[in-house]
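Throughout, read-outs are computed from the coordinates displayed, never taken from laboratory work. As the structure is a computational prediction, the values presented were derived from the model and not from experiment. Virtual Cβ from ideal backbone geometry, glycine too; neighbours counted across all protein chains shown.
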Amino acid sequence: MADQPPNPIASDSLPARESGAWVLDKKVYVEKYLKIFTKGISNKWGGKLAYVDLFSGLGKNVIRETGEEVDGSPLLALSCDFGRYVFVDMPEVLATLRMRLRSHPKLAHISFVEGDCNVVIDEVLGLLPADHLTLAFIDPTGLQIRFNTIQRLVHNRKVDLLMTIQFGMGIQMNLPQYIKSQGAALTDFLGNSEWRKDVEEAGTVFQAGRRILDMYMAQLRSLGYRDSKDREMVRNDQNMLLYFVIMASRHELGEKFWREVTKIRPSGQRRLNLDSKT
Ligand SMILES: C[S@@+](CC[C@H](N)C(=O)[O-])C[C@H]1O[C@@H](n2cnc3c(N)ncnc32)[C@H](O)[C@@H]1O
């Protein structure tokens, strides 16, 4: 395998994740949702709010074309009022995040958990107070999150889910190639292999991707989640779909907050239609 290019170094002299400009769109969705969620619900829960980031990253992103630094999800969450934070990622990534946050005023409220989130989920659960309302941000680079992990995370707990669902790489391929390379991961991701029947119905990978997303939402509904119809799409400079951003809650307030967040697109464009079809 070819060596990965080294990470760019941010202004705090620590490595950052190199990204396209689309990372700004993600930031808008995450930042707005975290703010509206913590402000809108903190009183009701007596401040007992927890945040878990199963794919934390390095804490900072640097936009490839411009060098602009963009705070990653852990920093965005730390600027909001949660009582407890749990950050999960691979050891080499988490070492940088730890270093980056070593003097953070909220350090005493943070736990770091190293490893594959599917494997360390029980440790994560042990760190999340059971009487807190938890917001989980799930932001993988592909299909790494197994549905079984989501089931364990939300079992007998109040957990809202904010997720990026990544089909971008797949959409560049043709369907048989995608199925060949991603089939097993897709089954783990969805928690069943029902998708196989569906994709045989053909269409483009993009259309199959949308149907897979519908299947995913159906799986979440089976865990008691409401389906907030607003599935935002993040595209790259060539207008190619990179990922969907979804929010799922068992409570109508979560849906209301997400509607608020998605009323205006990151570009400032007002949505015309709640269920985006473009
Ligand atoms: C897209 S980045 C996260 C970016 C971050 N949420 C942000 O907003 O800046 C995805 C991260 O997932 C991590 N990762 C990949 N597979 C993982 C797994 N199975 N468990 C935990 N982390 C994983 C990668 O090391 C990478 O840092």
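Here is how the numbers come out for the structure above:
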{"read-out": "Among the candidates Gly57, Gly47, residue that is at positive phi and surrounded by 15 or more Cβ atoms within 10 Å (Cβ to Cβ)", "value": "Gly57"}
{"read-out": "Subset of the stretch 77-118 [of a type in the set (D, E, K, R), within 17 Å of the chain's Cα centre (by Cα) and surrounded by 20 or more Cβ atoms within 10 Å (Cβ to Cβ)]", "value": "Asp89"}
{"read-out": "In the stretch 54-65, residue nearest to the ligand (Cβ to nearest atom) [restricted to those that are more than 18 Å from the chain's Cα centre (by Cα) and assigned to a loop (DSSP other than H, G, I, E, B)]", "value": "Arg64"}
{"read-out": "When residues of the stretch 1-46 are limited to those that are assigned to a helix (DSSP H, G or I) and among the β-branched types (Val, Ile, Thr), the one nearest to Met240 (Cα to Cα)", "value": "Val23"}
{"read-out": "Qualifying residue in the stretch 66-76 (condition: farther than 16 Å from Tyr29 by Cα, within 8 Å of the ligand (Cβ to nearest atom), in contact (Cβ under 8 Å) with a residue 40 or more places away in the chain and buried (at least 22 other Cβ atoms within 10 Å of the Cβ))", "value": "no"}
{"read-out": "Subset of the stretch 123-139 that is of a type in the set (D, E, K, R) and outside any helix (DSSP H, G or I) - its residue that is nearest to Val113 (Cα to Cα)", "value": "Asp139"}
{"read-out": "Filtered residue count, the stretch 98-121, keeping only those that are of a type outside the set (A, V, I, L, M, F, W, C) and away from the ligand (no atom under 14 Å from the Cβ)", "value": "7"}
{"read-out": "Subset of the stretch 29-50 [within 12 Å of the ligand (Cβ to nearest atom) and not acidic (Asp, Glu)]", "value": "Tyr29, Val30, Leu34"}
{"read-out": "Residues of the stretch 133-149 satisfying the condition of being more than 12 Å from the ligand (Cβ to nearest atom) and surrounded by fewer than 20 Cβ atoms within 10 Å (Cβ to Cβ)", "value": "Phe147, Asn148"}
{"read-out": "Filter result (within 13 Å of the ligand (Cβ to nearest atom) and surrounded by fewer than 20 Cβ atoms within 10 Å (Cβ to Cβ)) within the stretch 150-167", "value": "none"}
{"read-out": "Unmet requirement for Ala95, which otherwise passes all of (1) without any contact (Cβ under 8 Å) to a residue 60 or more places away in the chain; (2) in a helix (DSSP H, G or I); (3) within 11 Å of the ligand (Cβ to nearest atom)", "value": "(3)"}
